[in-house]
Amino acid sequence: MSEYRDERTLLLNNQLDEIPLVVTYLDQLGEDWGLSEALISSLNLVLEEALSNIILYGYDDKLLHTITLYFSRSGNELLISITDDGHYYDPTEKEDPDITLPVEDRPIGGLGIFLIKRIMDKVEYQRKENKNILMLKKKLEP
Amino acid sequence: MNLQVSTFENYTLVRVEGRLDTTNAHELEKSILNLIDGGCSRIFLDCSGLYYISSSGLRVLLIVQKKLAGINGQLRLSHLQPGIREIFDISGFSSIFSLYADNEAALKG
């Protein structure tokens, strides 16, 4: 990752009430890196979806865990990686919901990962040293 | 998130403001399901002050829509901000909800 110029790391606990911290953090990041409000709002959504999945379903115990968010920007690409030490879960394997179904047939839930995939340009997963690493990339408008 | 409930003609008007996310979606779910249990079957959600929604908020809207459809009720949403409209489009929600440009259109339509 040495080619990346701007880098930042945010550590969070696996608690839902940490999510509002991400909102504040992203506002500051947007200001510092000159990112548009629309992009920050999209990133907010992407991170909430990813983090709430990890926090609610990612762990087999009730202990405190650390989730690491890493942000970097190189040229016109933004990379966000999310690392957690929960059980194996690869969200990229999840099948997309059928969004053309009528209301009576639409299942409740299951939209979070889909929104992440639709908003970001690239979503990749790795399992390394018993950790889940989700890498999200987005091209930045010049 | 702030919620204001009032009655307008034969609609229950719910004005939802702020962020609808994982931390508070259950509050909206509880409030609206309480209204339905109390006999409201025509619900009109004014979204002009709603500027953020995540999948947990979408989930609640779908629950309400299904519940009202089951009792021959109606759910109408008005004045979605562009960012919210985009999430509705991505999710296929634009075609399963009755969306109106403004409150007047929603009450007439």
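Before moving on, here are some points about what is shown:
- Over the stretch A:64-110, relative contact order from alpha-carbon pairs under 8 Å, at least 6 apart, %: 26
- Peptide B:49-56 has a mean shielding of 5, counted as Cβ atoms of other protein chains within 10 Å of each residue's Cβ.
- For the stretch A:9-108, applying the loop criterion from DSSP together with a ceiling of 16 other beta carbons within 10 Å to the trypsin sites (Lys or Arg not before Pro) yields A:Lys62, A:Lys94.
- Surface composition of the protein assembly as shown: carbon and sulfur make up 47 percent of the accessible area, probe 1.4 Å.
- GluC sites (Glu not before Pro) within the stretch A:14-108: DSSP coil, no more than 10 neighbouring Cβ in 10 Å: A:Glu95
- Cα→Cβ-extended label distance, 7 Å offset, between B:Gln81 and B:Ala101, nm: 2.1
- The stretch between A:Thr66 and A:Glu104 holds 9.7 nm of extra length on full extension. This uses 0.36 nm per residue minus the Cα-Cα distance.
- Drop in accessible area of at least 40 Å² in the complex versus isolated chain, residues of the stretch A:94-129, 1.4 Å probe: A:Ile99, A:Val103, A:Arg106, A:Ile108, A:Leu111, A:Leu115
- Overall form of the protein assembly as shown: prolate. Here a/c, set by the Cα gyration tensor axes a ≥ b ≥ c, is 1.5 or more, and a/b is the larger of a/b and b/c.
- Annotation for the B:A interface, with buried accessible surface near 1800 Å², both sides summed [1.4 Å probe; non-protein components not counted].
- Note on A:Gln126/B:Asn34: beta-carbon distance plugged into 1/(1 + (r/R0)^6) with R0 of 30 Å gives a FRET efficiency of 0.10.
- Karplus-derived HN-Hα couplings along the stretch B:98-108 (A = 6.51, B = -1.76, C = 1.60, θ = phi - 60°), whole Hz, x at Gly and Pro: 8, 10, 10, 5, 8, 5, 4, 4, 5, 7, 7
- Cα gyration tensor category, rounded, prolate or oblate, for chain A with a/c compared to 1.5: oblate
- Residues A:Tyr89 and A:Arg8, FRET efficiency given R0 of 30 Å [Cβ-Cβ distance, rounded to 0.05]: 0.75
The values are calculated or read from the model by the stated rules, or taken from the named source; none is laboratory data. Fair warning: this is a prediction, and the values are worked out from it, not measured in the lab. Using ideal geometry, Cβ is built from the backbone for each residue, glycine included, and neighbour counts are taken over all protein chains shown. Just the protein is used for accessible areas: all its heavy atoms, side chains included, with ligands, DNA and RNA removed. Shrake-Rupley method; radii C 1.70, N 1.55, O 1.52, S 1.80 Å.
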